[in-house]
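Inspection log for the structure reproduced underneath, given as structure tokens.
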Amino acid sequence: MPTCRRKRVLLTEPSPELLAILKSDPNKDVYYLAQTGEIFESYDSSSHPRAYAARMSFYRLKQFQCEVTGKSGLDYFQAVESERHEARTMHSRFPDPLKAAVLKAVQWQVMGRLDHLVEAIYERFKDRYYPDERVLVDLEGEKYLARVLQVVPPDVPSIASTSRTSPPASGSTPSSSLSDDERSIHKIAEDLKTSVKDSIAKDDPAKYVYQVQVLDEEQQPGAGRHEKNKSKDTAKWCGILLDVRCSVIGRDRLTFSKSILRRFIRDCVDRAPAVASPWTVKPTIAERYGVNTVMPEETRKGVENIKKGEIDKRKKVWEDKEGPPTKKQKKMTAASEEKAKALAAATEKREREAREKADKVQKAKEENDRLAAEKKKKKPIRYPTEDLDVVIGDKEKKAGMKLKRPIPSCGAMPFGRDTPLNDAFLMAWNFLVVYGQPLHLSPFTMDDFEQALRHSVLDPPCVLLAEIHAALIYNLRTVPFNKHSAVLSLVRSKKDVRGDISFSVSLDQLTGAMADVGNNWERAPLRHSEGRDGWEESLVGCLKDHANLGNFPKIREIFTRLLFAPDSTSEASLSASGTPLSSPEPIPLSIPTHPSIRYYSLSPADRVTILAFLCNLAISSKAIHAHMEWSEEQLTALRKEKIEVNRSKKQCMEEMSVLNGDAKLDGATNNGTDVVMHESSDLSEIPGSEGEGESSSAARPKDTRRTAAKERELARAKQASAKQALAEHRRLDEEVNKLERRLEGIEREFRKLLGSVRVKPLGKDRFYNRIWWFDGMGAASLVGSGGTVQYGTGRIFIQGPSEFDIEILDRREEDVSVRRKEEEGGEGMLGVGEWAVFDDLEEIDEFIAWLNPKGVRELALKNAFTKWWPHIAPGVRKRTADLVTNTKVSEARRSTRKHAGADVSREPYMQWTNRKAMNAS
């Protein structure tokens, strides 16, 4: 059976539900996998985990291994075919007369390892042969292929007295004169309970006589080689009958060896997983070769005794390890108690002797291990390593390393713990900011985006909402669509829809209202100078042509809320009861209304759903694809420029090091020159003859003047050289600073362009939580004009591990969930894909301090934080300051407001303007 990750692949049984359905509905359609015979209730894995498509995809993976040959990298069907091919080859080679004897010997044997069983079988049958078996006979130093005609046991006289006779007559059987008892050959060898020595003593294979017939020349090995000498010898022996013993005959290694014997036994037998279970021949094979399938009573008792002994042995080991049982023992009679004491004393004595012997062996082994360990130096752990293998030691604890991660806030997310809505919100904001250039949108912060989605008043209108929707609508005009796709989808599903009562609007009323709105959306002018007037109606038209129930499940609810309003009676009753109009409670809708009025009654969740749908469609547009290709080209150019800048920087650093070396050399030369001058002056004062003294005193003033002039000239030259070297050093230093600033700019540009191609997290922590920082990607910039700080989110987001990462954590031997509770805290543990946020700089500092650089993932994450910290920290500070300022301004406005009603015109999100807008329709 093929294996996957060293485990046998078991076929899928029909589910209990399917078997129950079979009784009530025998004609139910199912999916049948012909190659394996499996039956499935459903096709797609999205509707049911035990599905045909999922199982077929699993079988097509190149991860299976042929159990016979060991070949890997196969799909399931290739592995099955490989095993079948090898089984056919093996069965064709293995001697047929030997199969029944081997299987009878294997049946009901209790042996732990298959290798031990193969060894026992091989030792018993390697010198024993059976009638009609092909063997190799050694005649005069050459081996010839022959067939065994008759086997004569030791107690039966040989039927031939010479070594060369004529072949038997046609139709005659040489062994026909033998009785049944005489035909019972090698029976003792088939009983594995008898040891090999005893079986040889009782039934010596060397005393058997085998009558063999040398086969014809055409059947001999090497007959096609046309060897003249061997052909003559073969013709001499061809067809004769010989009486031989096992010493001069043997089997071909391709037909009988330990390897092929092991494959034959493994293919024909099976064993239950219980303790001390016997090897049993598969029923179909046993029936074919006449192997008894009913276990004899004596064998059954022996197997039960072996099994009981093994269980008792394990139980004793367990009790010695865990201590005596805690259950109360039953009271024993006096006689049985004495008997038990005697047995216990004898058992204790035997166990004590066994323990003493085992202790001696254990001490000797420990001493050998200790000596070996002293010789072999223990290899230290090389860091960084797998994060979950890193254990915080006492040294790190004393150094003040944080043991528990600060708890990120799930409540600070725009939609709390609603993971799908948070996913859609972050995706929509990131898409609109990253692709601001092809969409002609100026960047805006995530806070402004969130506040705009919560804008619920018709006057004043929100410019940010109008520009976002207009940009997407213009972009989706280039994406292929089907006219009235949403209406047709709703009409087709009219029989299946059961929600007519929810909004008091029937499908006929809804489709009728939809047919009259937004029909000219792909040509309607949405001019920036006119405030994108009519974008709500174009939005309905865009959704009508692009959406359907398959790609936009909430299509009916959203269209109903966009095109119908509650009547005045319902609205007045809701207002009187204190329920806001944006309440999540269902409000009966019945009055047809224009979408420009009803859009602002949509909940933020519905608005995010619409924007996420539009963004997913816009990804396939030509403008976005062209921008991606342009970004890839710019990334390639930046990579080349970075190489050139690094090369120039390295060259400047080398020139600076040369200048520093020359300055040191000049200093050392000056010191040496001074010493030489002092030594010369000392030597000039050595007294000599009077004539020499007079001449020296006469020449001394002239030499002194010349020397001083030369020294002054040398000093001026050195001073000029030093000034020139200093100026060159300053120039190179400025050049290096300029190149470093350019490298920083390249890194920022690289991040912006890479964000347009694929958004990647900063890294992962030890528990595979993904850390995100969305600032500075696409059209957004980290640095404004004049070097001012800019931010998009001003926060660090953390996302829970994926399902694949959870599987990796579950495969570990240790209980990772316990460690997560200790190091993350019960509240800080995030579910699969769940979002949380760090919006305080101190919390981010604590989180970075919690990261352990000994782990590969957290080392990479810490390096990423270090690289971008000059931009992360100012962005977080600026957002915090902006929030405080906006809060104070809002409170001041509320305190000076004279009339009721919300004044939102001065809110930050209302002050945003689109500087990249285009007026062309």
request  = Report the full-extension gain for the segment Arg906 to Ile808: residue separation times 0.36 nm, less the Cα-Cα distance, to one decimal in nm.
outcome  = 30.2 nm
Cβ crowding within 10 Å averaged over residues, with 465-471, 362-368, 84-90, 482-488 ranked highest first = 465-471, 482-488, 84-90, 362-368
message = If amide hydrogens are placed 1.01 Å from N in the peptide plane, which non-local residues have theirs closer than 5 Å to the one on Gly763?
response = Ile771
message = Once the cut-off is 14 Å, how many percent of the Cα-Cα pairs in region 775-819 end up in the long-distance tail?
response = 67 percent
Least to most buried among Arg647, Arg55, Arg263 (fewest other Cβ within 10 Å first) = Arg647, Arg55, Arg263
query = So which trypsin sites (Lys or Arg not before Pro) in region 707-792 are both in a DSSP loop and have at most 11 other Cβ atoms within 10 Å of their Cβ?
reply = Arg758
Full-extension gain in nm, Ser657 to Lys916, via 0.36 nm per residue minus C-alpha separation = 88.4 nm
ask   = Most exposed first by the Cβ proxy, i.e. fewest other Cβ within 10 Å, how do Asp815, Asp567 rank?
value = Asp815, Asp567
message = Can you tell me, using C-alpha contacts under 8 Å and at least 6 residues apart, the relative contact order of region 89-155 as a whole percent?
response = 27 percent
Ordering of 186-194, 454-462, 205-213 by burial proxy (mean other Cβ atoms within 10 Å per residue, highest first) = 205-213, 186-194, 454-462
query = At what distance in angstrom do the alpha carbon centres of region 718-764 and region 821-855 lie from each other?
reply = 33 Å
request  = In nm, give the distance between the simple-model label positions of Gln437 and Lys642, each being 7 Å from the Cα along the Cα-to-Cβ direction.
outcome  = 1.7 nm
message = Can you work out the Karplus-derived ³J(HN,Hα) for every residue in region 823-830? Use 6.51 cos²θ - 1.76 cosθ + 1.60 with θ = phi - 60°, whole Hz, and x for glycine or proline.
response = 9, 9, x, x, 6, x, 6, 9
remark   = Rounded to whole angstrom, the alpha-carbon centroid of region 857-887 lies from that of region 354-425 at a distance of 30 Å
query = If each residue's Cβ is checked for other Cβ atoms within 10 Å, how do Val736, Val214 rank with the fewest at the top?
reply = Val736, Val214
request  = Take the Cβ-Cβ distance between Cys4 and Arg93 as r, set R0 to 41 Å, and report the resulting FRET efficiency rounded to the nearest 0.05.
outcome  = 0.90
key: Label-to-label distance, nm, for residues given as Thr194 and Glu450 (7 Å Cα→Cβ offset)   = 8.8 nm
task = Return the subset of Lys397/Lys854; Lys642/Lys867; Lys398/Lys854; Lys71/Lys126; Lys99/Lys282 for which the Cα-Cα distance in this structure is over 20 Å, preserving the input order.
result = Lys71/Lys126
ask   = Mean 1/r over all different Cα pairs, inverted: what Kirkwood radius does region 419-626 give, in Å?
value = 17.7 Å
query = At Arg355 and Arg706, where each label point lies 7 Å from the Cα along Cα→Cβ, what is the point-to-point distance in nanometres?
reply = 10.8 nm
request  = Please give the peptides 555-561, 30-36 ranked by average Cβ packing (other Cβ atoms within 10 Å per residue), highest first, as a rough proxy for protection.
outcome  = 555-561, 30-36
request  = Provide the convex hull volume over Cα atoms per residue for region 3-87, in Å³.
outcome  = 102 Å³
message = At R0 = 35 Å, how high is the FRET efficiency between Thr593 and Asp423 if r is their beta carbon distance? Nearest 0.05 is fine.
response = 0.65
task = Distance between Cα centroids, region 500-559 to region 75-102: provide it in whole Å.
result = 67 Å
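We did not get these values from a lab; they are worked out from the coordinates using the rules stated. As the structure is a prediction and not an experimental result, all values here were calculated from the model. Using ideal geometry, Cβ is built from the backbone for each residue, glycine included, and neighbour counts are taken over all protein chains shown.
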